Structure formats: C-alpha cells, structure tokens
Amino acid sequence: MNSKEIFERACEIMPGGVNSPVRAYRAVGLTPRFIASAKGSKIYDIDGIEYIDYIGSWGPMILGHAREEVVKAVCDATMRGTSYGAPTVAEVEIAEMINEAVPCSEMVRLVNSGTEAVMSAIRAARGYTGRDYIVKFEGCYHGHSDGLLVKSGSGLLTENVPDSAGVPAAFAAKTLIAQYNDLDSVRALFEQHKDEIAALIVEPVAANMGVVPPKPGFLEGLREITSEYGAVLIFDEVITGFRLSYGGASEYYGVTPDMATLGKIVGGGMPMAVYCGKKEIMQKVSPTGPVYQAGTLSGNPVAVAAGLATLKILRAHKDEIYPAIDKKAEIIAKAYADAIEKYQIPAALNRVGSLMSIFFTDHPVTSFADAFGSDLEMFKKYFAGMLNRKIYIAPSQFEAFFVGYAHTDEDVAKTVAAIDGALGALKA
C-alpha cells in the first residue's frame, strides 16, 4: 500500500485523514507522505523513499531520530512499566535539570503537551494575580485551548482559519491581541486595562507564522511593561526551549520572564511538556495552592526517560552541539540568500539559530501582516520542488525549518543543491 492509497483509507475514518491538521498537505495540494521509519537525519516513507528531514517531528529531534542513548533509555524505562500514576525519582531529576537550565525556573510541573503547559501556566498566572485578562500576539500559536485560539498561527493559518469554531465568545473576550514586534500596541492595551491583565504570553521568537525574530529591544520592552503593571510575563518556549541554546530563548536574548512553557525537545520526542517559573507563582498550583491542575499521565516514566536522556546529552556537549548546528544553519541560510539573488526571486529569509523560514514576498518579514502577505502559490511550487529533490520540509508557509545536530555535511551539501534547483525552477 502506498501513501496515496493509505491516505484515501485514512480520510474515511479520521478528519482530513490525519491527527493534526498541517500533516494533511492541503496547503500544498499534495498527498501527505506516510512515514515508515526514521534514523538520524533521514526519514523514510512507506513508498520506500528516503528524505533529508528538516521537520524533525516539528522540533523535538534536535539530536536526530532514534538517537541510541534516547532509544535505550526509553526501552529500559518501558521494561520497568509504562505508567505508574505515582512519583518517580526521574521526575525530580529532570525538574532539577530544568531549574538549572532555564533562567526563570524555580519550580516545575510536568504535563503532557504544549497546549496543556500553556493552558496551565495561564491559569496559574490568573490565580497568582487575581486578574482575568491575558495578552497574546496576532500570529503566535500557543496550543488549542479555548482562550488562545484567537488570531493564532500554525495550522490555523495553514488552513486559513483565523479563529476556531466551538470557542465560546466569552472565553475569547478575555484575550487581548497585540501586534508582534510592536511595543506601542502592547502599551496601549495595558494603559486601557491597567490592573486587569494577569499575563502576557509571547513566543520569544515567533515560529508559528513562519520564523519571525524579535526586533532589538522588543523582549526587553515586554519585560519592562509587564513589570510596570504587575502582570506575569510568560515565554512560550515550546519550540525555542533547549533549541536556541541550552537555556532557550531567555538565555539567548538575556531576558528573563516570570514563567516559561517548554515542550518538544524537553520530552525527547515523547509526549511531555513543562510549565515552570518563579516559586511564588508556582506555589499557587495544587496541592500547595488553589490553582487546580492534574493529569494521570503527567510525569510518565517513559516520556521522562526520553527527555532526561536528551537533556543530558545537550548539557554535556552544549559547547559543541549548538555551535555546530548554528554553522550548518548558516550554510543553508546562505544558500537561500544566494539563490534568491541569483534567480531574482521576491523572497525574504529569516533565521534565528537553527530555526529559519523563507517567505515569498518582496519586503522584510517582521510581523504577522508581513508573513500573511506572502505568495502562497509560489510556496506550493517551492515545496513540491524540495520534496521532489528528497528534502522533507514543513508543508506550510507558516511553519519553521529545523536544522539538527544529526544533519551531516553531505546532507547540507545536498540541501544547498536542492535549494538552488527548487528556487531556480520558480523562474523557469
């Protein structure tokens, strides 16, 4: 059975044939590749085709697929039992590692997904401040909880759904929308609502409308405004955590929030996420405080084992791993820049460390409006060109390109050639 046949079968029994919208390839008008296996920097579909993978499970596989130490840790943990619903020593160990790594982290709660981490962090911030409103940014995606599906990015943009049906208006009414990289829009909301805002949540590097870096002074400005008005500053580091540096975007930019949410890399590719922050806020969480949050599978021993193994490798070799990934990303980014100039393609490339995006537009992309104005038809052609050249990238203009440690020099050379070919074909 090939990908086309299994996709037709899947569409009969699952919405869109998938379990997460972007995977359906609807934005690029193609049939999704059904994956059979992955190893290192490569991913293999059921048609037997090998691709160089720059999705990396949407970010977690910074060390590559099926890293030996991580696989062994998962197998060993599984042999001891897949779930206890009780505390383990490993939970304490990974919490200590997170506290050591993440600048704002003094206490940690393990959960099962980025959506759950963000939802819980916002509840804790509301419980801590006694306020109801939150501020988010247009085009930033923070999971699919009701109050955050307002002007979001990621799959909502890919499917051209700016908001979600099924969300009561009363939930959305407590969410205020600012413009990313625009401090004036943030200050205007705080001046209007003053002591009503519990928290401001932001992707320190927006990576769900494509990759959009913060302008110089933007994160510092958010820290200043939230401190002035007594609101909790939350960095959503589900993507950037342990990727831009071992301490995430907070360490990378030198700006410390009050809370952070972590996912993807922190679970080593398994379903695990974290919310963490200042002790005075986290102690509001049950059972020490009145903010209730619980989960049967929170701190699952298999997921914790994968996360621990991944973080231990990153910690032990951070001075080697992060510069190496950055160098590979720099070479790939230069290939994009060279091809854009060579073929006179109207395109802009954004990169922060190992995250990057190409936008088919004739102006810089620094905001949601800039990203949303990109030429999506040209992206479709570019995506098909890369896929035909066996380069596996996100099937959406509004997702990131992830470079990892497992990508070899040969992978990078093949990718450079594919970029030249795919962009050159746009002018054919």
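The values are calculated or read from the model by the stated rules, or taken from the named source; none is laboratory data. All values reported here derive from a predicted model rather than from experimental measurement. Virtual Cβ from ideal backbone geometry, glycine too; neighbours counted across all protein chains shown. Accessible surface is based on the protein model in full, side chains and every heavy atom, while ligands, DNA and RNA are left aside. Shrake-Rupley method; radii C 1.70, N 1.55, O 1.52, S 1.80 Å.
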Output the peptides 333-345, 108-120 sorted from most to least packed, where packing is the average of other Cβ atoms within 10 Å over each peptide's residues.
108-120, 333-345
Tell me the per residue accessible area of the range 333-428 using a 1.4 Å probe; a whole number in Å² is fine.
39 Å²
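Return the carbon/sulfur percentage of the accessible area of the chain, one whole number, probe 1.4 Å, all protein chains in place.
So the carbon and sulfur contribution to the accessible surface is 53 percent.
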How many nm is it between the label spots at Glu330 and Asn388, if each spot is 7 Å from the Cα in line with the beta carbon?
3.3 nm
Pairwise centroid distance, computed over Cα atoms, of the range 296-323 with the range 42-101, Å:
8 Å
If DNA, RNA and ligands are ignored and the probe is 1.4 Å, what is the ranking of Tyr292, Tyr84, Tyr392 by accessible area, most exposed first?
Tyr292, Tyr84, Tyr392
Give the ranking of Cys104, Cys11 by solvent-accessible surface, highest area first, calculated with a 1.4 Å probe.
Cys11, Cys104
If the cut-off is a Cα-Cα distance under 24 Å, which lysines reach Lys39, setting aside same-chain residues fewer than 8 apart in sequence?
Lys4, Lys72, Lys264, Lys312, Lys318, Lys327, Lys328, Lys390, Lys414
Are there any trypsin sites (Lys or Arg not before Pro) in the range 39-83 that are in a DSSP loop and have at most 16 other Cβ atoms within 10 Å? List them by number.
Arg80
Contour minus Cα-Cα distance for Lys72 and Lys318 (0.36 nm per residue)
86.5 nm
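Would you compute, from DSSP H runs of 4+ residues alone, the mean residue ellipticity of the chain at 222 nm, taking -39500 (n - 2.57) per run and dividing by the full residue count, rounded to the nearest 500?
-12000 deg cm²/dmol
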To make sure I understand the rule: partners must be aspartates and glutamates, Cα under 16 Å from the Cα of Lys284, and not fewer than 8 residues away in the same chain. Which ones qualify?
Glu106, Asp132, Asp258
